[in-house]
Every structure is written in C-alpha cells, then in structure tokens.
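Below is one structure, written out as structure tokens; comments come after it.
The values are calculated or read from the model by the stated rules, or taken from the named source; none is laboratory data. Everything numeric here is computed off the predicted structure, so don't read it as measured data. Cβ placement follows ideal geometry from the backbone for every residue including glycine, while neighbour counts extend to all protein chains displayed.
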Amino acid sequence: MQKRWLLKPKNNAEATRHLRDELGVSDVVANLLAYRKIETYEGAREFFRPSLSYLHDPFLMKDMDVAIARITQAITNKEKILVYGDYDVDGTTAVSIVYTFFHQFHTKLAYYIPDRYAEGYGISYQGIDYAQEHGYTLIIALDCGIKEIEKVAYAKEKGIDFIIGDHHLPGDTIPDALAVLDPKRVDCDYPYKELSGCGIGFKIIQAFIQSNDMDMEMAYQYLDLVAVSIASDIVPITGENRLLCHFGLQKLNSNPSFGIRALIELSNNRKDFFTVNDIVFQIGPRINAAGRIEHAKDAVKLLTSKSVADALVFSEKVNLQNNERKDVDLRITEEAMALIADDESLQKRNSTVLYKADWHKGVIGIVASRLTEKYYRPTIILTQTNGHVAGSARSVLGFDLYQALESCSDLLEQFGGHKYAAGMTMPVENVALFQQRFEEVVTQSITPEMLTQEISIDLAIHLKEIDAKLFRLLKQFEPYGPQNEQPTFISKGVTVQGQAHIVGANHIKMTVIQEDSAPFSCIAFGLSEHIAHINAGKRFDICYTIEENTWKTRKNLQLNIKAIRY
C-alpha cells in the first residue's frame, strides 16, 4: 500500500531558536522538543530528567477523598471488598495491583473478572449478584463502569456501594456510585486526562498511602504492571503516563514481579532492555490470551503470584492459551480476507463490517486490527454470542469511530470505547442494517486522506547532522509510544555506496551517503521492490528512524528505512 509522506508543520522559528540557545542543543533536538509542546528550560528538564516527584497529587482527582474514606471504613469495619476489573491487560493489571496492595491490610478481599462470553464487557448483573450472595458490601471497579448507570443502581438496591475507577469517556450521565474516579469527567480538575485503567488503580494506592503517611515505595513496586498496562492499552505516553512508563520499564528490567519475570523468560527475548514494543508484542498478548481463550482470572493469578514456582505454573498455562489464540486468529483473519476477496462490493467500500456467527469472540479485536492494517479503513468484526451479536471495531488515523457508532446507536444494545477502538453488541436481526448504516456514516464523514496511510515525519535533515551526540539525546526521548513516537526523518537525494542486497524474504541491506556525508548502514524491511532503482546509481529520498545496531560486540548507528521515493 502506497503511503503519504506528511512532514509536520514548521515550529515557530524564534521560539525554537530560543529553546536551542537556552538548552545548548542542536536545531534538530530543539524542533523535536517543540513538537512535544516543550518550550522552556524547566519543561525540558522535566522531560529529560524524569522524577517520581513530578507525579500529581491523587487527591486532585474528583471523588478520590470519598473513595479513600470508604475503603478505610470498609477495612476498619472488616467489610468484604470485591475488586472488579475488565478482562484485558489493562483491567487485569489494575485488579492485580489493587488486590495485592490492599490484601496486605485486609484479608476479607477478593477479585472478580467477568467471563468474556457469559457476561461480556464491563460490570455485569451476574457479578453484582455474586457480590450479594457472598456478602460483599463494597465493589471497586477498575477499567470499566463509567456508563453502567442501571447496574450501579441495581447494586445500590442490594446495599452494595460502588467505587468506579475508569478512564473511558463518560456519557451524559455519571453513574450514581459512591465515588466515580475518571479524569475524563468534565467536572474533574485532575491535570492529566489520559491515565490507563491500571493508572487509576495506581492513583488509588498512592492516595491511600499518602493519607496514611506510609512509604510511597509501597506503590512504586507495582510500576512494572502499570507500564505493561500503558503499553498494551495504547494510551498516550505523555505527561504522567510517560513518567509511570519510564520508571515502570526500569522496574520491569531490573526487578520485575514474579509474574512479569516469568513472561519475560517465556518470550525468549535476549535483549538487554525490554521496551514498550516488547511489551506490546510479547507480554501483552500472553496476558490477554487468558481472557480470550478461557478466563482472565488465569492472568490475575499469574500477575499476583507470590513465588517463582507459582508464576512458572500460571505462565505456562497462559502461554498455551496464547498459542491457541494465535492459531484461531490466523484462521479467522484468513476467512475474513477471503470474504473480501470474493465480494467486489466489499472491496469498494469505505468501511469493513464482516459477520460470521461462529467466529471466536476472543480474537475478533485482533482480526479487526489486522484487517484495518491491510485495507486501511474503519473495520468492525462481528460474531454471535449468547443469542446476541458482539463486535470489535478499529479505526484509521483521524477518523472518530466512537462518534460514528453514536450515529448508529439506535441499532445497538450497547457500545463503548475510544476514538480508535470500540466494542458493541446488537440484536442478530440488526446486522445487515448496521452494515449499511455504518458504511453510510463513514462515507459521509471520512476524507480520502484518512483512507491513505500516512507516515508522519518530524524533520528533513542532512545525514551530516546525525552523530553519536544526537543519538544519545534521542534515547532520552524514550519511552516511545502514542503522541511521543520515535522521531522520523527525511533525507533527500541519497545514493547507495557499493551495492544494495536483499536479505531475508524482501528486505534491503545497504549503505547510503548524501553528498559529502559519512556513510550510514541501513535496513529497509519489506522494500525489496526498490532494489533495481537503488542499484542503478540513481538518487532517492529516504524516510527513516535512527537506531543502534548491535552485531556481536560491535555497535553502530543504523537507519531503519520506512519508505523510499524517487
């Protein structure tokens, strides 16, 4: 698929020069900071020298004082508390840290994860009934609950208090819970709005420690799980999330919890340092697999393991579930692509909405992601479960999926999520009408640019500007992720030195120069179609990131080429 090269608009030249001179950095670094809204020496110091002292006061979050008072009351009165969470990585990590922390002070505590197939997403009536039957008087819901007005009212009728800790967008009405912790509430003044669900759980722990004059190190021991949630839930790695992720990665790489250590060993990753990408592709899917294939309580058992032996047992089970998940999602992806290949009308659409009653509900989100990547248009995969149709949706850059679903809400039983990812349920008889309506909504609001994948490029630079000092500073921009992506550059009119050659199936290995620059080693994954032009001695432009390549004991700078144009 041809991609658009989109160079970011230029920063204010005078402000960037001032930042460059104040910090004593190059124009390249000053511009990269300006793109991240870092415009002062103090802002740059906080960015390059992160400290846990920069974390916000948890009591700035609306209802936090009420939540901590109620938890304290429940512990004092020896009430039974149920920690309730969603079945994905964010929900299971949130439940794991809150359960483990409070279990130190209160043994009348348990956790509850809804069954993906029997109960569906979020708070369930079955879960509330379970709480009542077993004498729980307080439920702490994490990574879910912000729209559960009827279910919170149902719990209230049964004498059960709810504390909701969520990070999803609220509806017009906030549930009548005892406390609703969500920075996205319009009436919440908390300074950072993009915490993960596990991040909300961490703030609850932080607030309890703060209110009881305990050592804050008791909270920091959970930062590896918070980092796993931030990476896996694809939340912005800016502000407080970047702080939590930075120190969480340090914890994960130096002294991880037993469960995370077991997952790292299972990944067979021999790198010196696990990154956000390693979490996304190697740790997160294994945790998610438990809820997709069997039950997410297996993931919580792993993440709350109290010994190496326990962690090894639970990690092996989760790993087997992940292997099964890979087989299932590959089969369904192939079936979905075959449906599109065999139907010309589907190929011409601006959206993809596919339904098959026997598709495995646990992997439809993965399949939606794969199809969005291949066809690059808003995609929804639907399957049948418990007499209803459940769906998982993914979007493309710039298109508000959540808003599009709101335009179809009369056809849905429920829906929720974000701008780029969502879930929904509907009656079986509404599927055909929903496919038609969703396509109409997308067609009316999507632009041709949104339907073409773009490469967002920070700066056009000369290869002479790349040196060891620049790379050292770029390393300090990590951890990379949404809204703090690895910087991408263009260099124009480069030529290959010697001959480029194909490695693997369709990758190019080569050395390039730009006029009188030093030569740079390059790897271009999946771009072998350019080999003839490159080896003809013609000039070409490259779009790339800068990385360090290690071969045996040697390290050198390498350009990872994302696209080539003539």
In the set 73, 132, which member is part of a helix (DSSP H, G or I) and in contact with a Lys or Arg (Cβ under 7 Å, 6 or more places away or on another chain)? 132
Going by the conditions given, is residue 352 β-branched (Val, Ile, Thr) and either in contact (Cβ under 8 Å) with a residue 60 or more places away in the chain or touching a strand residue (DSSP E or B) at 6+ places or on another chain (Cβ under 6 Å) (or both)? yes
If you take the residues in segment 371-384 that are surrounded by fewer than 19 Cβ atoms within 10 Å (Cβ to Cβ) and more than 16 Å from residue 447 (Cα to Cα), which one is nearest to the chain's Cα centre (by Cα)? 373
Pairing a residue in segment 525-550 that is on the phi > 0 side of the Ramachandran plot with any residue that is of a type in the set (Gly, Ala, Ser), where Cβ atoms lie under 9 Å and the two sit 6 or more apart in sequence or on different chains, gives 526/505
Taking the options 435, 476, 453, 483, name whichever one is touching a helix residue (DSSP H, G or I) at 6+ places or on another chain (Cβ under 6 Å), polar (S, T, N, Q) and in contact (Cβ under 8 Å) with a residue 60 or more places away in the chain. 476
If we keep only residues of segment 184-208 that are crowded, with 18+ Cβ neighbours inside 10 Å and aliphatic (A, V, I, L, M), then the residue nearest to residue 144 (Cα to Cα) is 200
If you scan segment 456-489, which residues turn out to be hydrophobic (A, V, I, L, M, F, W, C), in a loop (DSSP other than H, G, I, E, B) and closer than 17 Å to residue 34 by Cβ? 461, 477
Please determine whether any residue of segment 11-27 is under 29 Å from the mean Cα position of the chain (by Cα) and either under 22 Å from residue 463 (Cβ atoms) or modelled with pLDDT under 95 (or both). yes
Please enumerate the residues belonging to segment 406-423 that are among the hydrophobic types (A, V, I, L, M, F, W, C) and without any contact (Cβ under 8 Å) to a residue 24 or more places away in the chain. 412, 415
Qualifying positions in segment 275-303 - of a type in the set (Val, Ile, Thr) and in a helix (DSSP H, G or I): 276, 279, 280, 283, 287, 293, 300
Residue 272 is checked against (1) among the acidic types (Asp, Glu); (2) without any contact (Cβ under 8 Å) to a residue 24 or more places away in the chain; (3) assigned to a helix (DSSP H, G or I); (4) surrounded by fewer than 18 Cβ atoms within 10 Å (Cβ to Cβ) and fails just one. What number does that condition carry? (3)
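Inside segment 355-377, can you point out the residues that are among the aliphatic types (A, V, I, L, M) and in contact with a strand residue (DSSP E or B) (Cβ under 8 Å, 6 or more places away or on another chain)?
As a first pass, look at segment 355-377 and keep what is among the aliphatic types (A, V, I, L, M): 357, 363-364, 366-368, 371.
Matches in segment 355-377: 357, 364, 367, 368, 371.
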Among the residues of segment 490-513, is any modelled with pLDDT of 95 or more, within 30 Å of residue 419 (Cα to Cα), assigned to a strand (DSSP E or B) and not charged (D, E, K, R)? yes
Considering 95, 25, 29, 66, which residue is part of a loop (DSSP other than H, G, I, E, B) and among the aliphatic types (A, V, I, L, M)? 25
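Here's the yes/no breakdown for (1) touching a residue at least 60 places away in the same chain (Cβ under 8 Å); (2) under 25 Å from residue 189 (Cα atoms):
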residue	(1), (2)
2	yes, no
12	no, no
37	no, yes
40	no, yes
58	yes, yes
64	yes, yes
Of all residues in segment 160-183, which are more than 22 Å from residue 93 (Cβ to Cβ) and either surrounded by fewer than 15 Cβ atoms within 10 Å (Cβ to Cβ) or touching a Pro at 6+ places or on another chain (Cβ under 9 Å) (or both)? 171, 172, 173, 176
Please determine, by comparing only the residues of segment 402-432 that are modelled with pLDDT under 95 and of a type in the set (A, V, I, L, M), which one is surrounded by the fewest Cβ atoms within 10 Å (Cβ to Cβ). 421
For segment 316-362, enumerate the residues that are more than 22 Å from residue 302 (Cβ to Cβ) and exposed (fewer than 13 other Cβ atoms within 10 Å of the Cβ). 334, 338, 341, 342, 343, 344, 345, 347, 348, 357, 358
